[in-house]
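Visitor: This is the structure, below, for whatever I ask next.
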Amino acid sequence: MFRYYSSYALVLSSLTHLICCGIPIFLSLSSFFVNLVFFESLALDFEFLEATELYLFIFTSLLFLVIIFMEVYNKKIRCASDECSSEPLCNSTKKTIKYNIIFSSILYILNTSIFISEYF
């Protein structure tokens with residue numbers, strides 16, 4: 001019974017610590033970084049990021065495609081063979097992985113449309 005109540009006490013003390021210290025630290029760090037990014041955008045005009053934008057987009061595209069192809073390989077090709085008879089290997093693509101891939105695909109398409117619109 002003590003373990004039951006002690007777990008609630010731990011959650012309550014963590015929650016009060018979050019309200020007392022965590023939220024003010026998060027707000028102060030976010031305001032600091034917003035001011036830093038605003039200053040950097042005025043001072044440097046993001047020339048470094050503009051110069052490497054195409055390379056970063058290509059790297060992101062390759063990484064995105066590799067992740068999708070690995071999931072397809074794991075589910076379709078590898079588990080279709082007779083060697084993959086165990087349940088955990090064939091069931092590795094769960095709902096959360098599918099939702100993450102769908103969500104990242106939506107973000108990738110949005111990012112690609114914005115990236116292409118900058119060049120036209």
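The values are calculated or read from the model by the stated rules, or taken from the named source; none is laboratory data. Note that the structure is a prediction, hence the values are computed from the model and not measured. Note that each Cβ is placed from the backbone with ideal geometry, even for glycine, and that neighbours are counted across all protein chains shown.
Visitor: Select from segment 24-62 the residues that are under 22 Å from the mean Cα position of the chain (by Cα) and among the β-branched types (V, I, T) and write down the one among them that is modelled with the lowest pLDDT.
Guide: So the residue we want is V37.
Visitor: Considering segment 100-120 alone, what residues qualify as being of a type outside the set (S, T, N, Q) and touching a residue at least 12 places away in the same chain (Cβ under 8 Å)?
Guide: Taking segment 100-120 and keeping what is of a type outside the set (S, T, N, Q), we get 101-103, 106-110, 114-116, 118-120.
Selection gives I101, Y108, F115.
Visitor: Follow-up question, since we're still on this one. What about Y5, is it in a helix (DSSP H, G or I), at pLDDT 70 or above and exposed (fewer than 10 other Cβ atoms within 10 Å of the Cβ)? Steps first, answer last, please.
Guide: On the way: in a helix (DSSP H, G or I): yes; at pLDDT 70 or above: no; exposed (fewer than 10 other Cβ atoms within 10 Å of the Cβ): yes.
No, not satisfied.
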